[in-house]
Each structure stands twice: as C-alpha cells, then as structure tokens.
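Step one of this worksheet: look at the structure below.
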Amino acid sequence: MSDTALVIMARYPEAGKTKTRLARTIGNEEAAELYHAFLTDLARRFAGATFDLHWAFTPPDVDYQSFVATLVPPLAQFMACFPQQGDDLGARLYHAFRSTAARSYPYTILIGSDSPHISREVVAGARAALAEADVVLGPAEDGGYYLIAMREPHDVFSGIPMSTDQVLRLTVELARRQNLSVRLLEPLFDVDELPDLQRLARTLEEDAALAPMTAARLAIRRSLYDHYSRR
C-alpha cells in the first residue's frame with residue numbers, strides 16, 4: 001500500500017449522460033466514446049504506478065470495478081472504486097477525501113477525468129508539494145482546478161459555486177481563511193466543449209503519447225470535428 005491515494009472523479013460513459021456540454025456539438029454517442037478513451041488513457045497511465053489508484057464514480061449503482069477492469073485488464077488488481085456521495089460537486093469532492101482518510105492514506109491527490117493528457121510528472125509534483133503545503137491546486141484555464149491534493153480532508157468546498165470561473169480563487173480564499181497553506185501547480189486545460197477538444201487534438205498531434213487512445217480516436221474522427229467547427 002502506498003502512502004498516497006490518487007483519486008479520479010469519473011462517470012460511467014453512458015450516451016446522453018456523459019460530457020453533455022460537448023455532446024451538444026458532437027452528439028451523445030460520440031461524446032461517450034470519446035470519454036471512454038479518456039478513461040482508458042488515465043487507467044493505463046496511473047494503474048500500478050507510484051500511487052494507489054481509486055475511482056470515485058457515478059452513478060452509484062454501476063459496477064464500476066468491472067468496467068475499469070476492461071480498460072486495462074492486466075492492471076485491474078491495482079485499481080479500487082468507491083461511489084461518489086453528496087448533493088453537489090463540492091460535497092462529492094469532500095466525501096472523496098474523507099473516504100481515503102478513512103482508509104488511512106496520509107496523502108490524497110484528486111483529479112478530474114476531463115484532462116486525459118495530465119502527466120505522471122504533474123501528479124508527482126503535487127505529491128512533492130504536499131510536503132510543505134496543506135492544499136495543492138492545479139489551476140484549470142477556465143478558472144477552476146483540474147487537481148486538488150491534501151494531507152487531511154479540510155472542507156475547502158462548502159459554499160463554492162462550482163462550474164464557474166471563480167472556483168479556484170474562492171477555494172484559495174477559503175483555504176487561507178482556515179489558515180491553510182496553499183501551493184499552485186502549472187495550469188492545464190480541461191476538455192468541456194468543442195474548442196477544448198480541438199486544442200487537445202492539436203496537442204496530441206504533437207505528442208500522441210500524452211493520451212494514446214484519445215489521440216487515436218481524434219485522428220479517426222478528425223473530419224467529423226472539423227465539420228462541426230465550421231457549422
């Protein structure tokens with residue numbers, strides 16, 4: 001058992017309930033298939049790596065353990081799952097930290113599943129930063145964050161209007177009001193809408209190794225995405 005839990009907040013890739021903002025442009029089935037590629041890349045990168053990989057999943061009635069085992073069968077034993085709990089995203093994030101604390105992990109790093117290109121080096125940097133900081137945040141370019149790490153489950157979530165461009169700023173302010181030290185990592189972009197997806201495609205054209213399954217999917221469907229961008 002590692003001293004660090006890496007938690008990925010994830011959804012089961014069901015058409016019509018997955019990447020809904022992106023699906024408005026590229027369609028429900030395509031959005032679900034693309035998200036499946038995201039999850040596959042994340043599983044292959046982090047299962048069996050330095051930290052213990054946990055999936056905090058939704059909806060709670062899905063057999064997510066069986067699902068993630070199909071993403072990377074040789075490494076299925078290195079992945080654990082628990083359902084998300086809470087009425088909003090902030091509550092679900094807080095619950096994830098409390099869940100790993102209950103499993104006696106001294107350090108927890110939590111990432112979303114909307115950045116399949118996040119590297120092991122970024123996650124390792126978050127773990128290193130926890131040696132000196134109470135809260136480590138990876139700023140997303142839309143004003144939120146793609147990563148949050150803590151040594152203890154501090155409530156830096158209550159009252160934060162999630163999915164707005166004020167999330168990072170307000171989270172930092174809330175942490176500092178609790179006398180918690182904060183460290184910021186390098187920015188990274190999430191994939192929520194078509195311009196983000198096009199940016200990811202350009203990034204992966206330069207280095208497909210960042211997310212191989214996603215790169216392959218984007219290469220196959222490039223003409224489709226180009227068509228949507230002209231509409």
Problem set entry | Conditions (1) touching a helix residue (DSSP H, G or I) at 6+ places or on another chain (Cβ under 6 Å); (2) of a type outside the set (Phe, Trp, Tyr); (3) closer than 26 Å to VAL72 by Cα; number of the one not met by GLU193 | (3)
Problem set entry | Residues within the stretch 90-113 that are surrounded by fewer than 16 Cβ atoms within 10 Å (Cβ to Cβ) and either at positive phi or in contact with a strand residue (DSSP E or B) (Cβ under 9 Å, 6 or more places away or on another chain) (or both), tallied | 3
Problem set entry | Subset of the stretch 114-160 [of a type in the set (S, T, N, Q) and surrounded by fewer than 22 Cβ atoms within 10 Å (Cβ to Cβ)] | SER119, SER158
Problem set entry | Filtered residue count, the stretch 13-29, keeping only those that are farther than 19 Å from PHE67 by Cβ and either free of Cβ contacts under 8 Å to residues at least 12 places away in the same chain or not aliphatic (A, V, I, L, M) (or both) | 6
Exercise. Condition test on TYR146, is it modelled with pLDDT of 95 or more and more than 14 Å from THR4 (Cβ to Cβ)?
Worked result: yes
Exercise. Which of the residues spanning the stretch 210-221 are assigned to a helix (DSSP H, G or I) and under 18 Å from the mean Cα position of the chain (by Cα)?
Worked result: LEU210, PRO212, MET213, THR214, ALA215
For this session: Determine whether the stretch 60-67 contains at least one residue that is surrounded by 15 or more Cβ atoms within 10 Å (Cβ to Cβ), within 26 Å of SER163 (Cα to Cα) and modelled with pLDDT of 95 or more.
Result: yes
Seminar exercise, completed: For ALA56, the lone unmet condition from (1) of a type outside the set (Phe, Trp, Tyr); (2) modelled with pLDDT under 95; (3) closer than 25 Å to VAL123 by Cβ is (2)
Exercise. What is the residue count in the stretch 130-163 for residues that are within 21 Å of TYR107 (Cα to Cα), in contact with a strand residue (DSSP E or B) (Cβ under 7 Å, 6 or more places away or on another chain) and either hydrophobic (A, V, I, L, M, F, W, C) or not in a loop (DSSP other than H, G, I, E, B) (or both)?
Worked result: 14
For this session: Keeping to the stretch 20-35, report how many residues are more than 13 Å from the chain's Cα centre (by Cα) and either among the hydrophobic types (A, V, I, L, M, F, W, C) or buried (at least 20 other Cβ atoms within 10 Å of the Cβ) (or both).
Result: 6
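The values are calculated or read from the model by the stated rules, or taken from the named source; none is laboratory data. Everything quoted here is computed from the prediction, not taken from an experiment. As a convention, Cβ positions derive from the backbone with ideal geometry for all residues, glycine included, and neighbour counts pool all protein chains shown.
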